[in-house]
């Protein structure tokens, strides 16, 4: 007794508890590292996707050459402001140098929030990219990235014409240089309207869209608003787009652009170049606010040369200047049917066909013959000039009378050509905004003061 049974064991005391802190720290650290890595990978993927050129099936056959976004971003130094050349329709234009070819280009970055509209726009580019003319800015390539469309053009080292016309810091163009630029633009617009496989309506003809190369040749650029349609078809768009001062009046009624609306804008451009001022000059005197009205008033006063850019200091050919002014007024006619085509414009500018002679004989009727093959609208304008006129020969066969005239009496022929007649009263340039009125009644026509009348 007194001894413990060997089968009885007293419980042992618990040892010191092991710390869980290393495990917790390790787990936390591993989770943090994982999250950082996952975030980094996600950001990398997002960046890659963001900069990735997405190509859909319909884009494979699009011309011209498709350029990678990465290449254009590098060419423009990341589209930095220091490379910004200016603003165009729908977007900004940057100067760039393609890394592979070391070619200087102009990159236009356009934002478009409509996927369907973007597709249609790119489809237009397929056609525009095939345009080849010495007086058009060549579209070299393009790129699509999300809502952006990037267009790559030839770089024009002398910038746009408007800087030479309106920027006092720029050099002043001589008249010879200005006339050459006018002829270049006319040639390019003729190609768009009549000489290519489709009709291209530019829709934004203005000095800011005339680019000058190293030799100061004019090239028509900024096809951001251009629309194409087959020859003989009517354009379907009804959106009024363009620049104030260049918009033809019929656009506000129909919204449909046509080659004659481009001609209207070209007329504004002609007057801009001659006068050295914009179509709408906000800071001008009230009577000089509207360019065409001001030019018309000066024409009425017999002081048309007063509208010529004073910076030329009289160093120009008067006959050439007057032809350009007259042609500008003809193109600026409010009636689209009275505007010439670009083929006629080019012939006028190159002296292949004379503009209607301006006849200022207040005491007699004046007459201008239409040569065989000439179109009527070539001659439906005739305004007085202080230095460009021709009196009617005494032997001309002209109906002399006022008021209503019948068809037979008014429609005299001279050597088989139709004759235009002007009333005895001097022309009224107040009609310039609406142009001369062609009377088309089949039986009779009335003479109207200041109007050229043709009975056919």
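One table, with the values for the structure above:
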read-out	value
Any hit, the stretch 161-170, residues being assigned by TED's automatic domain parsing to the domain that holds residue 340, within 15 Å of the chain's Cα centre (by Cα), at pLDDT 90 or above and surrounded by 17 or more Cβ atoms within 10 Å (Cβ to Cβ)	yes
From the options 325, 304, residue that is modelled with pLDDT of 85 or more and more than 29 Å from residue 211 (Cβ to Cβ)	304
Count - residues of the stretch 157-176 that are part of a helix (DSSP H, G or I), out of contact with any helix residue (DSSP H, G or I) (no Cβ under 7 Å at 6 or more places or on another chain) and closer than 22 Å to residue 106 by Cβ	3
The stretch 173-200, subset over 15 Å from residue 343 (Cα atoms) and at pLDDT below 90, residue farthest from the chain's Cα centre (by Cα)	197
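The values are calculated or read from the model by the stated rules, or taken from the named source; none is laboratory data. Note that the coordinates shown come from a computational prediction; the quantities given were computed from them, not determined experimentally. All Cβ positions, glycine included, derive from the backbone under ideal geometry; neighbour counts span all protein chains shown.
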